[in-house]
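Asker: Sharing a structure below in structure tokens format, with a few things to ask.
The values are calculated or read from the model by the stated rules, or taken from the named source; none is laboratory data. Treat the numbers as computed from the prediction; the structure is a model and nothing was measured. Glycine gets a Cβ as well: all are built from the backbone with ideal geometry, and neighbour counts include every protein chain shown.
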Amino acid sequence: MEINFTGKRAVVTGASQGIGRELVKKLASLGAKVFALARNKDLLVSLKQEVPSIEIYPVDLSKWSDTENALKQVGDVDLLINNAGLAVLGPLTEVSENDVDRIFSINVKAVINITKYVVKNLLSRNVPGSIVNISSQASVTGLIDHTVYCASKGAVDAFTRATAAEYGPHGIRINNVNPTVIMTDMGRLGWSDPQVANPMLAKIPLRRFGEVDEVVNSVIFLLSDLSSMTTGSNVYVDGGFVSV
């Protein structure tokens, strides 16, 4: 079956760079009308130059009402990818209240806010939809210096299960993609030191980190009718990290 999103309206958060940016390009190439949300206006403008068919919305997703206003401008949504995320790493003993607020405002609060809008929109139109949340292997395994990040992604997984159960009867499917380290520009920078990378690689049976397109392909599958019987699930793009 060939995937085609012609006639579908898709929102991608954290769309200005990395996984989100490539998701926007892929969705547009498959026929979707894409609405790209991110904080960095300059990067969004450059993305629109690459993909003129998209619409861009510079917005700070940690601000509840600003996000709602942007979504009202977007209008109807059939597909949602909650990709925006934030990590502040370090030992628990050095975590500040501001760190917790910043991480949870993007990784959890924004996901809840945007999903709420899209679900209400789908229900009002009495149509099915598909939502994919970008979680992490950190949601189900402990990582050193990741305490608050792990907690936030665990919350995403729990939220996904609960919403999938609640809105599955309405034909709304909600799933997670849970990547390991992915070789975005930031990923390559952060994991370029062998002393940092090698201990993590030793825990990954495939002995490598993931590529952006490997996450994108899993998201596209979950958004499409190829996964029509899949909801409330975690799809691990982690080379086997959490399975062994």
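Asker: Do you know which residues across segment 219-233 are over 15 Å from the mean Cα position of the chain (by Cα) and either assigned to a helix (DSSP H, G or I) or among the small types (Gly, Ala, Ser) (or both)?
Answerer: Result: SER224, ASP225, LEU226, SER227, SER228.
Asker: Which of the residues spanning segment 188-203 are exposed (fewer than 14 other Cβ atoms within 10 Å of the Cβ) and either among the basic types (Lys, Arg) or in contact (Cβ under 8 Å) with a residue 12 or more places away in the chain (or both)?
Answerer: Residue satisfying the conditions is ARG188 alone.
Asker: In segment 125-138, which residue that is touching a residue at least 60 places away in the same chain (Cβ under 8 Å) and closer than 16 Å to ALA87 by Cα is surrounded by the fewest Cβ atoms within 10 Å (Cβ to Cβ)?
Answerer: Per the stated criteria, the residue is GLN137.
Asker: What do you reckon, is THR141 polar (S, T, N, Q), crowded, with 19+ Cβ neighbours inside 10 Å and either within 19 Å of the chain's Cα centre (by Cα) or assigned to a helix (DSSP H, G or I) (or both)?
Answerer: no
Asker: For a quick check of your reading of the model, give me the residue pairs whose first member lies in segment 1-26 and is closer than 17 Å to PRO58 by Cα, whose second is of a type in the set (Phe, Trp, Tyr), with beta-carbon atoms closer than 6 Å and at least 6 apart or on different chains.
Answerer: Short answer, once both residue conditions are applied: VAL11/PHE35.
Asker: If I filter segment 55-71 for residues that are surrounded by fewer than 16 Cβ atoms within 10 Å (Cβ to Cβ), closer than 21 Å to GLY7 by Cβ, modelled with pLDDT of 95 or more and over 20 Å from the mean Cα position of the chain (by Cα), do I get at least one hit?
Answerer: no
Asker: Out of ALA158, ALA164, ALA197, which single residue is among the hydrophobic types (A, V, I, L, M, F, W, C) and in contact with a Ser or Thr (Cβ under 8 Å, 6 or more places away or on another chain)?
Answerer: Being among the hydrophobic types (A, V, I, L, M, F, W, C) and in contact with a Ser or Thr (Cβ under 8 Å, 6 or more places away or on another chain) holds for just one of ALA158, ALA164, ALA197, which is ALA164.
Asker: Shifting gears a bit: Considering only segment 12-56, how many residues are under 16 Å from PHE221 (Cα atoms) and not small (Gly, Ala, Ser)?
Answerer: Total satisfying the criteria: 9.
Asker: Right, here's the next one. Could you please find all residues in segment 91-122 being free of Cβ contacts under 8 Å to residues at least 60 places away in the same chain and in contact with a strand residue (DSSP E or B) (Cβ under 8 Å, 6 or more places away or on another chain)?
Answerer: Matches in segment 91-122: VAL111, THR115, VAL119, LEU122.
Asker: Would you please list the contacts, defined by Cβ atoms under 9 Å and residues six or more apart or on different chains, that run from a residue in segment 215-228 that is more than 24 Å from VAL181 (Cα to Cα) to a residue that is part of a helix (DSSP H, G or I) and modelled with pLDDT of 95 or more?
Answerer: LEU226/ILE220; SER227/PHE221
Asker: State whether the residues of segment 26-41 include one that is buried (at least 16 other Cβ atoms within 10 Å of the Cβ), basic (Lys, Arg), modelled with pLDDT of 95 or more and within 27 Å of PRO128 (Cβ to Cβ).
Answerer: For segment 26-41, residues buried (at least 16 other Cβ atoms within 10 Å of the Cβ), basic (Lys, Arg), modelled with pLDDT of 95 or more and within 27 Å of PRO128 (Cβ to Cβ): present.
Asker: Sticking with this structure for a sec: Is it true that some residue in segment 64-78 is closer than 27 Å to ASP238 by Cβ and in contact (Cβ under 8 Å) with a residue 12 or more places away in the chain?
Answerer: Within segment 64-78, not a single residue is closer than 27 Å to ASP238 by Cβ and in contact (Cβ under 8 Å) with a residue 12 or more places away in the chain.
Asker: Could you list, in sequence order, the residues of segment 80-127 that are in contact with an Asp or Glu (Cβ under 8 Å, 6 or more places away or on another chain) and of a type in the set (Phe, Trp, Tyr)?
Answerer: TYR117
Listed here are the residues, each with its yes/no results for (1) surrounded by 21 or more Cβ atoms within 10 Å (Cβ to Cβ); (2) in a loop (DSSP other than H, G, I, E, B).
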site: ALA151; (1), (2): no, no
site: ASP157; (1), (2): no, no
site: ARG161; (1), (2): no, no
site: TYR167; (1), (2): no, no
site: ARG173; (1), (2): yes, no
site: MET186; (1), (2): no, no
site: PRO205; (1), (2): no, yes
site: ASN217; (1), (2): no, no
